[in-house]
Amino acid sequence: MSTFTYDALPGRVVFGPGVARTGLLAEVDAFGAKRILLIAGGTETELARELCAPFAGRVAATFAGVRPHVPVEVAERAREAAVGADLVLSVGGGSTTGTAKAVALTTGLPIVAVPTTYAGSEVTPVWGLTEGSRKTTGTDPRVLPRTVVYDPELTLTLPADLSVASGLNAMAHCVEAFWAPRRNPVSSAVAEDGIRHLAAGLPAVAAAPADGGARADLLLGAYLAGSAFAVAGSGLHHKICHVLGGAYDLPHARTHAIVLPHVLAFNAPYAPEAAARIADALGRRDAVGGLRELGERLGVPAGLRELGLREGDLDTVLDEILALAPADNPHPVTPAGLRSLLHGAWSGTAPAREDT
């Protein structure tokens, strides 16, 4: 056993079917909150108001102007809405949580998060803001939600295709945790178990979206994925997706789902133990093939070009990704190797296993 450091992150997790409706009041009361800023995207506003009914009189303001990748102008408007608040309550997916984090980053307000997707952002201290066409991310303990209420019932109405994309985004958190900069035996064990739950839940939800047990598997996997990612940090995969997403406003979860097998193929020969554990958790002999097969089975778009990205856009962001690539990535990142990886992810060709 090698020497390692593991920073356990503080936070309370409440998990179970129906707990958002039966337990949210107690979680809000634990903070003594009197003036709550509710953040919920347009599609989640009705649900959020229903959940807040027991304490509706304490909701001082509602911010519904959520946008993917949290543009700085959206963050500023949300911060203006937070004036006088003593708690931020977010109900929604990763963009909603990200907006709440933008508020906490400058105000220090505590966050209670009620996720309705499988983003995992609710258990990480990572924030992200986009200005112009560039996304900036950082880590700050102030943005880590103090309490997370996981209710699988709230994900039942998430369309199957979005559930699959969001779940594969969580899968990316797990896979990358095996070689991210702060990886350690604890985060790797959490990530491995997360892959098992996600691999079980994804096909089941795709086949039967109303399957509550499958939804619980996915949500538990997403929680484990976010927990592993929060401790291990961000690696090459996330650098690629954040740059592409910020520059071209690509859909976050689908971008991760498409790029992941290509980064895994790039790194797997240089991280054989990690690849073996990923394959075992997927229930496959080969990690890259297993992940690719899972994506095809779930109907993930073959390549980034299906999301509207142009081939020439790849060269525009190449240098920016190179500058962010971790120095300790298992496979040294060269311009030629990165270009080959990106082109494969763009075209949808089978992931290349060797640098070129």
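None of the figures in this text is laboratory data; all of them are computed from the coordinates on show. Worth saying up front: this structure is predicted, and the values here are computed from it rather than measured. Note: ideal-geometry Cβ built from the backbone for every residue, glycine included; neighbour counts use all protein chains shown.
The Stokes-Einstein estimate for the range 164-319, based on a Kirkwood radius over Cα pairs and taken at 20 °C with 1.002 mPa s viscosity, is a diffusion coefficient of 138 µm²/s. In terms of overall dimensions, the C-alpha atoms belonging to the range 1-119 reach 53, 35, 26 Å along their principal axes, ordered largest to smallest. In this calculation the C-beta distance from ARG285 to THR43 is compared with R0 = 45 Å, giving a FRET efficiency of 0.65.
Compared with the alpha-carbon gap, the fully stretched path from GLU131 to ARG35 is longer by 31.6 nm at 0.36 nm per residue. Relative to the longest principal axis of the C-alpha atoms of the chain, give the angle of the C-alpha long axis of helix 94-107, reported between 0 and 90° and rounded to the nearest 10°. Taking the Cα atoms of the chain, the angle to 94-107 is about 60 degrees.
LYS135: which lysines have alpha carbons under 19 Å from its alpha carbon, excluding same-chain residues fewer than 8 sequence positions away? Candidates past the 8-residue exclusion: LYS101, LYS239. Rounded to the nearest 10 degrees, the angle from helix 185-207 to the longest Cα principal axis of the chain is 80 degrees.
Average projected area of the Cα convex hull of the chain, in nm²? Walk me through the numbers before you get to the answer.
Details: hull surface 64.7 nm².
Taking a quarter of the hull surface, the average projection is 16.2 nm².
Annotation for GLU306 and ARG67: the two label points, set 7 Å from Cα along the Cα-Cβ direction, are 2.8 nm apart.
Simple point charges give the picture: +1 on the Cβ of Lys and Arg, -1 on the Cβ of Asp and Glu, and for the range 160-347 a dipole about the Cα centre of about 200 debye. Put simply, the range 215-280 fits an ellipsoid with semi-axes of 20, 18, 11 Å; these come from the alpha carbon gyration tensor as the roots of five times its eigenvalues, largest first.
Taking the longest Cα principal axis of the chain as reference, the axis of helix 287-297 is set at about 60 degrees.
Close amide H partners of LYS135, meaning residues 5 or more places away or on another chain with modelled amide H under 5 Å apart, are GLY246, ALA247.
Could you tell me which trypsin sites (Lys or Arg not before Pro) in the range 60-109 are loop residues by DSSP with no more than 10 other beta carbons within 10 angstrom of their beta carbon?
Values: sites: ARG77, ARG79, LYS101; in loops: none.
When the trypsin sites (Lys or Arg not before Pro) of the range 60-109 are filtered for loop state and at most 10 Cβ neighbours within 10 Å, nothing remains.
Of the beta bridges DSSP finds with both residues in the chain, what % are antiparallel, to the nearest 5? Write down the numbers at each step before the final one.
Details: 6 of 26 bridges.
Within the chain, antiparallel bridges account for around 25 percent of the total.
Relative protection proxy for 220-230, 327-337, 131-141, from highest mean packing down: 220-230, 327-337, 131-141 (other beta-carbon atoms within 10 angstrom).
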